[in-house]
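To keep things clear, I will list the structure first and then write my remarks on it.
The values are calculated or read from the model by the stated rules, or taken from the named source; none is laboratory data. Here the structure is a predicted model, which is why all the values come from computation and not from measurement. Neighbour counts run over all protein chains shown; Cβ positions are idealised from the backbone, glycine included.
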Amino acid sequence: MSVKLIIADGDDIGPQFNILEFGDGTSIGIDFGLGVGRSGPSVPYTPELKRLIQYLVVTHAHLDHIGSLPLLADMVGGRFFEPNFTIYGTKATRDLARLMLIDSSNINRKRGNLGLAYSREAIAEVLEDRYVPMRFRDTVDLSPQVTMSLYRAGHILGAGMPFFATSNGFRILHTGNFSTADQRLIAGAEFDQSGIDVMVLDSTYGGRTHQSRMLSRLRIAELINRATARHGKVVFGVFALGRLQEVIQIILDLKKAELIPNIPVYADGGLAWGVTDIYFSHFSELRWQNITDNPFAPGMMEKGLKEKMFEGVTFIGEEERERLANDSESCVVAATSGMFDFGPSRGHLRNMADSPLNIVCATGYQAEESTGDLLLSTERGSVLSLRTPDGGREQITVNCEVERVNLSAHSDQPELCGFVTRVKPKHVVLTHGSESAKFRLAQALAQLGSWKIHIPVKGEEIEFD
């Protein structure tokens with residue numbers, strides 16, 4: 001059976017959307033995201049199609065993969081989606097997506113992006129009426145000749161890699177964002193097939209090698225100890241979904257092991273508390289490392305899992321944020337958003353950047369020209385001119401120490417190459433990465449096997465027989 005892959009996710013990291021068309025007439029979309037660049041939000045590219053999409057698979061709940069889902073209601077029965085199309089994904093992804101879409105809609109409403117300020121009804125239509133939850137390794141029949149399974153992707157809670165198989169033996173894996181390495185709370189990707197026909201491969205960090213997780217944990221301890229030795233504070237910029245939960249657990253692990261002082265730990269970000277609720281409502285999917293964290297250990301359920309896991313952490317808001325800035329006591333703060341563009345982390349940056357005693361630390365991907373990206377390239381003592389959400393400018397004097405710790409939830413180049421080598425696909429299609437990342441990854445993969453490597457551009461169609 002022939003299979004056509006239509007690339008709609010562009011030539012870089014942006015709103016994600018790709019399409020698979022099978023020879024029996026089955027048509028499947030994968031993700032339908034929202035770009036969140038500094039130039040403003042962007043929706044997926046939607047190519048002209050010869051057949052309507054019957055199914056959509058959601059890989060995980062980050063906005064660049066789910067942020068445009070409510071727009072699908074307006075595309076039904078037109079040139080894009082069949083009236084009775086179905087959405088597949090995990091239950092955890094659905095729960096997280098609901099929270100993320102409500103938050104994104106509120107932000108867009110405040111900023112005047114009314115076309116992306118979705119109603120609760122539009123969100124419910126895609127996440128309740130049309131959404132069918134799946135468990136990892138479950139298989140659904142999309143047609144008499146095409147099946148689909150979801151495999152654990154690592155990355156964040158609920159993230160899955162859709163795997164398609166046809167009755168004549170053709171097999172294709174779309175990785176989405178994935179991580180083969182274990183994180184503090186999320187186990188690494190699992191996929192036990194080999195010799196498949198096509199792998200559509202996430203290339204976000206195709207040109208990089210990450211520091212090991214253990215060294216990153218020790219680096220966090222080093223930064224906290226350095227700041228507290230001079231009576232300063234540490235602010236970690238974190239993403240609300242996944243990163244805040246991991247950073248907090250790492251800090252608590254370090255305190256428990258007496259590798260850092262027993263100083264106050266704060267979490268700042270309203271969305272993060274809701275995300276944390278969802279994480280612990282799916283506690284059986286999390287990675288437990290010792291008996292005191294085990295949800296099945298005596299006393300854990302009676303006390304409340306979240307309260308036990310976050311014992312010693314204080315969730316704060318704007319009033320406490322101002323108080324911390326004027327408090328002489330050392331502390332650690334994990335604050336959203338991860339790129340310091342807005343929200344609590346921007347407030348803490350504004351309040352604490354002027355003091356040479358403090359450390360401000362990025363913990364994840366920093367988009368080009370984001371506040372975090374500019375901050376990392378700014379010399380101490382310089383004045384940083386930053387955009388504000390209302391379109392104005394503010395000046396921040398950066399006397400603090402600025403650092404970066406790698407806690408990426410994406411596979412790096414060695415992990416990507418190892419995954420491809422183990423799965424042994426005939427074709428590798430590189431997507432979701434910068435041009436540089438994809439070309440560096442292609443060069444590395446070309447040295448390791450005889451697979452055919454594709455680096456498509458937006459709108460390109462690739463046919464496989």
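Out of the residues in segment 400-427 that are among the charged types (D, E, K, R) and closer than 21 Å to Ala181 by Cα, state the one that is surrounded by the fewest Cβ atoms within 10 Å (Cβ to Cβ).
Within segment 400-427, the subset among the charged types (D, E, K, R) is 401, 403-404, 412, 415, 422, 424, 426.
Add one more test, that the residue is closer than 21 Å to Ala181 by Cα, and what stays is 404, 412, 415, 422, 424.
Values: Arg404: 16, Asp412: 22, Glu415: 20, Arg422: 12, Lys424: 14.
Across segment 400-427, the extreme among qualifying residues is Arg422.
Conditions first: (1) touching a residue at least 40 places away in the same chain (Cβ under 8 Å); (2) among the acidic types (Asp, Glu); (3) more than 30 Å from Gly433 (Cβ to Cβ); (4) touching a helix residue (DSSP H, G or I) at 6+ places or on another chain (Cβ under 9 Å). Glu322 passes all but one, so which condition is the exception?
(1)
Has segment 278-289 got at least one residue that is at pLDDT 90 or above and within 29 Å of Phe342 (Cα to Cα)?
Initially, segment 278-289 is screened for residues at pLDDT 90 or above, giving 278.
Still in the list and also within 29 Å of Phe342 (Cα to Cα): 278.
Within segment 278-289, one or more residues are at pLDDT 90 or above and within 29 Å of Phe342 (Cα to Cα).
Restricting to segment 348-398, and then to whatever is part of a strand (DSSP E or B) and touching a Cys at 6+ places or on another chain (Cβ under 7 Å), can you tell me which residue is surrounded by the most Cβ atoms within 10 Å (Cβ to Cβ)? Give the steps one after another, and end with the answer.
Restricting attention to segment 348-398, the residues satisfying the condition of being part of a strand (DSSP E or B) are 359-362, 382-387, 393-398.
In the following step, the residues that additionally are touching a Cys at 6+ places or on another chain (Cβ under 7 Å) were identified as 359-360.
Working: Ile359: 23, Val360: 26.
It comes out as Val360.
Yes or no: Phe310 surrounded by 19 or more Cβ atoms within 10 Å (Cβ to Cβ), at pLDDT 90 or above, in contact with a helix residue (DSSP H, G or I) (Cβ under 9 Å, 6 or more places away or on another chain) and aromatic (Phe, Trp, Tyr)? Working first, answer last.
On the way: surrounded by 19 or more Cβ atoms within 10 Å (Cβ to Cβ): yes; at pLDDT 90 or above: no; in contact with a helix residue (DSSP H, G or I) (Cβ under 9 Å, 6 or more places away or on another chain): yes; aromatic (Phe, Trp, Tyr): yes.
Spelling it out, it is not the case that Phe310 is surrounded by 19 or more Cβ atoms within 10 Å (Cβ to Cβ), at pLDDT 90 or above, in contact with a helix residue (DSSP H, G or I) (Cβ under 9 Å, 6 or more places away or on another chain) and aromatic (Phe, Trp, Tyr).
Please go through segment 48-102 and give me each residue that is farther than 21 Å from Tyr118 by Cα, hydrophobic (A, V, I, L, M, F, W, C) and part of a loop (DSSP other than H, G, I, E, B), ordered by number.
The answer is Leu49, Leu52.
What number of residues within segment 429-440 are over 24 Å from Leu63 (Cβ atoms) and touching a helix residue (DSSP H, G or I) at 6+ places or on another chain (Cβ under 6 Å)? Talk me through it step by step, then tell me what you get.
Filtering segment 429-440 down to residues over 24 Å from Leu63 (Cβ atoms) leaves 439-440.
When the remaining residues are screened for being touching a helix residue (DSSP H, G or I) at 6+ places or on another chain (Cβ under 6 Å), the result is none.
Total satisfying the criteria: 0.
From (1) among the small types (Gly, Ala, Ser); (2) out of contact with any Cys (no Cβ under 9 Å at 6 or more places or on another chain); (3) modelled with pLDDT of 95 or more, pick out the condition that doesn't hold for Ala240.
That leaves (3) as the condition not met.
If Arg98 satisfies every condition in (1) basic (Lys, Arg); (2) at pLDDT 85 or above; (3) surrounded by fewer than 21 Cβ atoms within 10 Å (Cβ to Cβ) but one, which is the exception?
The single condition Arg98 does not satisfy is (3).
Given the conditions (1) in a helix (DSSP H, G or I); (2) in contact with a helix residue (DSSP H, G or I) (Cβ under 7 Å, 6 or more places away or on another chain), report the number of the one that Arg422 does not fulfil.
Result: Arg422 fails condition (2) only.
Hey, can you tell me all the residues within segment 54-89 that are surrounded by fewer than 21 Cβ atoms within 10 Å (Cβ to Cβ) and among the β-branched types (Val, Ile, Thr)?
Val76, Thr86, listed by residue number.
Residues are listed down the side, and each one gets a yes or a no for (1) free of Cβ contacts under 8 Å to residues at least 12 places away in the same chain; (2) in contact with a Ser or Thr (Cβ under 9 Å, 6 or more places away or on another chain); (3) not aromatic (Phe, Trp, Tyr):
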residue: Ala97; (1), (2), (3): no, no, yes
residue: Met100; (1), (2), (3): no, no, yes
residue: Leu114; (1), (2), (3): yes, no, yes
residue: Met134; (1), (2), (3): no, yes, yes
residue: Leu142; (1), (2), (3): no, yes, yes
residue: Gln145; (1), (2), (3): no, yes, yes
residue: Ala153; (1), (2), (3): no, yes, yes
residue: Phe163; (1), (2), (3): no, yes, no
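Are any residues in segment 224-259 assigned to a strand (DSSP E or B) and out of contact with any Phe, Trp or Tyr (no Cβ under 6 Å at 6 or more places or on another chain), and if so, which ones?
Just the residues of segment 224-259 that are assigned to a strand (DSSP E or B), to begin with: 234-237.
Of everything in segment 224-259, those that are assigned to a strand (DSSP E or B) and out of contact with any Phe, Trp or Tyr (no Cβ under 6 Å at 6 or more places or on another chain) turn out to be Val234, Val235, Phe236.
Out of the residues in segment 313-347 that are in a loop (DSSP other than H, G, I, E, B) and among the charged types (D, E, K, R), which is surrounded by the most Cβ atoms within 10 Å (Cβ to Cβ)?
The initial filter retains those residues of segment 313-347 that are in a loop (DSSP other than H, G, I, E, B), namely 317, 327-331, 336-342.
Within this subset, residues satisfying the condition of being among the charged types (D, E, K, R) are 327, 329, 341.
Working: Asp327: 12, Glu329: 10, Asp341: 22.
Here the residue is Asp341.
Mind checking which residues of segment 428-441 are buried (at least 18 other Cβ atoms within 10 Å of the Cβ) and either over 20 Å from the mean Cα position of the chain (by Cα) or of a type outside the set (S, T, N, Q) (or both)?
Narrowing segment 428-441 to residues buried (at least 18 other Cβ atoms within 10 Å of the Cβ): 428-433, 437-438, 440-441.
If the condition is that a residue be buried (at least 18 other Cβ atoms within 10 Å of the Cβ) and either over 20 Å from the mean Cα position of the chain (by Cα) or of a type outside the set (S, T, N, Q) (or both), then Val428, Val429, Leu430, His432, Gly433, Ala437, Lys438, Arg440, Leu441 are the ones that fit.
What pairs come up if the first residue lies in segment 354-369 and is under 22 Å from Val36 (Cβ atoms), the second is modelled with pLDDT under 85 and of a type in the set (Gly, Ala, Ser), and their beta carbons are under 9 Å apart, counting only those six or more places apart or on different chains?
Pairs found: Ala367/Gly37; Glu368/Gly37; Glu369/Gly37.
Do we find that Gly364 is modelled with pLDDT under 90, on the phi > 0 side of the Ramachandran plot, touching a strand residue (DSSP E or B) at 6+ places or on another chain (Cβ under 9 Å) and not aromatic (Phe, Trp, Tyr) in this structure? Steps first, please.
Values: modelled with pLDDT under 90: yes; on the phi > 0 side of the Ramachandran plot: no; touching a strand residue (DSSP E or B) at 6+ places or on another chain (Cβ under 9 Å): yes; not aromatic (Phe, Trp, Tyr): yes.
Taking the combined requirement at face value, the residue does not satisfy it.
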